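Below: one structure, written as structure tokens.
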Amino acid sequence: MASPEHSSIEGNLLEDGLLKHKGRSAPEVLAELEALACDDVDWRAGRILTGLYDPGPGPYELSAEAYKRFLTQNALYINMYPSAARMEKGVVSALAELLRGDGAVAGNMTSGGTESIMLAVKAARDHAREHRPQISDPEIVVPISAHPAFHKAAHYLGLRVVVTPIDPKDGFRADAAAFREALSDNTILGVGSAPNFSHGTIDPIREMAAAAKERGALFHVDGCVGGLYLSFMRRMGEQVADFDFSVEGVSSISADMHKYGYAPKNASVVLFHNRDLRLHAIFTCSGTTEYAVINPTVLSSKSAGPIAASWAVMRNLGEEGYQRIVRDTWDATQKMLAGIESIDGIEVLADPDICMFTLGSVEINIF
Ligand SMILES: Cc1ncc(COP(=O)(O)O)c(C=O)c1O
């Protein structure tokens, strides 16, 4: 239900119309923006169980500064702004190393997990068109726990989605045997999550990627949530199941800077195991009276702000800073899990591999 303040804001600001003949002063506009935000969650307040990624005040302020510095630079025009390409290369290379890629791994920064996934699926589609032209009805095989972005990509790209079950007895991870069974001669791409959202468990990537490879299909790991976090955990000596390019058959990985890379939105990375596969993600067009387009991402014009902010956060935190955040959030997760276990009527549905878990209850409405 709308609060009384909300109603008056709607009355004064929304219904009144935005575009006036005479503009308002900057202080007035800022005050109006504050009023519009009156019902927003205060993300700094804590006690919010949702996707919030706070690097702390220092790195946060720095990332805002970096974002603002490059806000109007168009990362499409790398001839005008080579800084955008340099910063992007820095972030992509850092992630390729974290995810144990060899020198052949190539990739790009994107606007988020969905765009990274879209590009991985497009690359798989166009790779199959070239290398497996006999496939007329291409499909991707995804566990039911995979993010809807795979369904969206298939919808946009004209692919069929084959959905496979997960195993509630194994932390809601993908059922590897059912996944293998579902692969066919038409499969161009298999998918696993590291971890899935929101049980926080890593799919059996090694078995799934091997099965896909046997069928001649590519395999994408959705590391949007865990790509950075799990890699830092591993480097800190925690037991983490292999999910990255160290696993035979993994051909692409998505990893979001705007999640556990602690950068502001919109920032993600998509990596391909070699340059040939990345080429299939690219769109080119020189057949108009407009300028020639060579787009390695879905977006064409885009602010260099998120790229600069990601670069700055990574430079500022360093491995030590990331490991400190991982340690703190992991310790807090253990405390919360222990606390929840002591409450009758609520349970944690799977023992998570990351600082993310799902609460359930058959007695109370969990919301
Ligand atoms: C596992 C997983 N993959 C992909 C995405 C999509 O990311 P984005 O919202 O940045 O497009 C999410 C978002 O929550 C996710 O949890």
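A few comments on the model shown:
- Within straight-line reach of Lys265, meaning a Cα separation under 30 Å, sit the following lysines at least 8 residues removed in sequence or on another chain: Lys68, Lys89, Lys122, Lys152, Lys302, Lys335.
- For the pair Thr333 and Ala35, label points projected 7 Å from Cα toward Cβ lie 4.3 nm apart.
- Sorted by Cβ density within 10 Å, fewest first, the residues Glu32, Glu139: Glu32, Glu139
- Taking the number of Cβ atoms within 10 Å of each Cβ as an exposure proxy, the fewest-first ranking of Val105, Val240 is Val240, Val105.
- Fewest-first ranking of Lys259, Lys302, using other Cβ atoms within 10 Å as the exposure measure: Lys302, Lys259
- In order through the range 91-101: 3J(HN,Hα) via Karplus (6.51 cos²θ - 1.76 cosθ + 1.60), integer Hz, x for Gly, Pro: 5, 4, 5, 4, 6, 4, 6, 4, 8, 6, x
- Per-peptide average of other Cβ atoms within 10 Å, ordering 57-68, 346-357 highest first: 346-357, 57-68
- For the range 64-311, the dipole from Cβ point charges (+1 on Lys and Arg, -1 on Asp and Glu) about the Cα centre works out to 640 debye, to the nearest 20.
- Gap separating the Cα centres of the range 318-354 and the range 217-259, nearest whole Å: 19
- Whether the chain is rounded, prolate or oblate, judged on the alpha carbon gyration tensor where a/c under 1.5 counts as rounded: oblate
- Springs join every pair of Cα atoms under 10 Å in this Gaussian network model of the chain, and among Thr284, Thr110, Thr187 the largest mean-square fluctuation is at Thr284.
- Global geometry of the range 240-319, whether rounded, prolate or oblate, following the gyration tensor of its Cα atoms and the 1.5 cut on a/c: oblate
- Per-residue [θ]222 nm for the chain (sum of -39500 (n - 2.57) over DSSP H runs n ≥ 4, rounded to 500): -12500 deg cm²/dmol
- Contour excess over end-to-end distance, with Cα ends at Glu214 and Lys20 and 0.36 nm allotted per residue: 63.5 nm
- Spatial separation of Cα centroids for the range 139-197 and the range 34-91, in angstrom: 31
Every read-out reported here was derived from the displayed coordinates using simple, explicitly stated rules and does not represent laboratory data. No experiment lies behind these values; they were computed from the predicted model shown. Glycine gets a Cβ as well: all are built from the backbone with ideal geometry, and neighbour counts include every protein chain shown.
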